[in-house]
Each structure stands twice: as C-alpha cells, then as structure tokens.
Amino acid sequence: CLDGEGKLHEFGSEWRTEDCNDCSSSRDGIRCCSSYVTPVDYDKEKCEEIFNKETCSYKVVEKDDHSKECPVHSWVG
C-alpha cells in the first residue's frame, strides 16, 4: 500500500506518522487514527493547550505562566 506521503507499506504493517497518527495497512487499504487525546473541558480564558510533536500529547498550561498546568475535566480522542 502507498500512504498519502508516497511511502510503501507492506500488508499487515503498522506505523506512526509525523502528524502523530497511528496507521495500519491491509488488503482493504490503509487506516489511520490519531494517537493522542485532545483537551476540551478546561478554563480557556486562563489556560491554553500546547501540542508536543515528540511525545504526541497535549499539555494545558496557564497562558501567563507555562510552568503551571491547568486541570482538564474532559478529553476526546
């Protein structure tokens, strides 16, 4: 199978893309889904989300002080 970037993958193989999607190939084609969860329920006035591409994860921190994490009440993935 050829992926969207033109890379060839064997049937039954699995890989993670640069955009943090987990993919697998089969005779039916390639399937991909995100490997991370996204924060949705937090104080958006006081806090902001930051995505780390190396760990494929979000961190929610105070806008004025990134060393302070904010509580997140709900995530989606």
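The values are calculated or read from the model by the stated rules, or taken from the named source; none is laboratory data. Just so we're clear, the structure is a prediction, and the values are computed from it rather than from any experiment. Note that we place each Cβ from the backbone using ideal geometry, even for glycine, and neighbour counts take in every protein chain shown. Just so you know, the surface numbers come from the protein's heavy atoms only, side chains and all, with ligands and any DNA or RNA stripped out. Shrake-Rupley method; radii C 1.70, N 1.55, O 1.52, S 1.80 Å.
Okay, here's what the table says:
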read-out: Isolated Cys residues of the chain, judged by Cβ distance under 4.7 Å to other cysteines; value: Cys1, Cys33
read-out: Reachable lysines from Lys59, criterion Cα separation under 29 angstrom, eight or more residues apart if same chain; value: Lys44, Lys46, Lys68
read-out: Area of Val76 that stays accessible when all protein chains are in place (1.4 Å probe, Å², to 10); value: 80 Å²
read-out: Relative contact order computed over the chain (Cα-Cα under 8 Å; 6+ residues apart), in percent; value: 23 percent
read-out: Linear extension gain, Asp41 paired with Asp3, 0.36 nm per residue minus alpha-carbon span; value: 10.3 nm
read-out: At R0 = 22 Å, FRET efficiency that the Cβ-Cβ distance of Ile30 and Trp75 yields, to 0.05; value: 0.25
read-out: GluC sites (Glu not before Pro) lying in DSSP loop within the range 2-43, provided at most 14 other Cβ fall within 10 Å; value: Glu5, Glu10, Glu18
read-out: Solvent exposure ordering (accessible area, 1.4 Å, most first) of His9, His73; value: His73, His9
read-out: The chain, accessible area per residue, ligands and nucleic acids excluded (1.4 Å, Å²); value: 74 Å²
read-out: Rounded to the nearest 20 debye, dipole of the chain from Cβ charges on Lys, Arg, Asp, Glu; value: 180 debye
read-out: Asp65 versus Asn21: modelled label distance in nm, points set 7 Å from Cα along the beta carbon direction; value: 3.9 nm
read-out: The chain: trypsin sites (Lys or Arg not before Pro) falling in loop per DSSP and having at most 14 other Cβ within 10 Å; value: Lys7, Arg27, Lys44, Lys46, Lys53, Lys63, Lys68
read-out: For the range 35-40, 3J(HN,Hα) per residue [Karplus equation, 6.51 cos²θ - 1.76 cosθ + 1.60, θ = phi - 60°, Hz, x = Gly/Pro]; value: 9, 10, 10, 10, x, 10
read-out: Accessible surface of the chain, 1.4 Å probe, proportion on carbon and sulfur as whole %; value: 45 percent
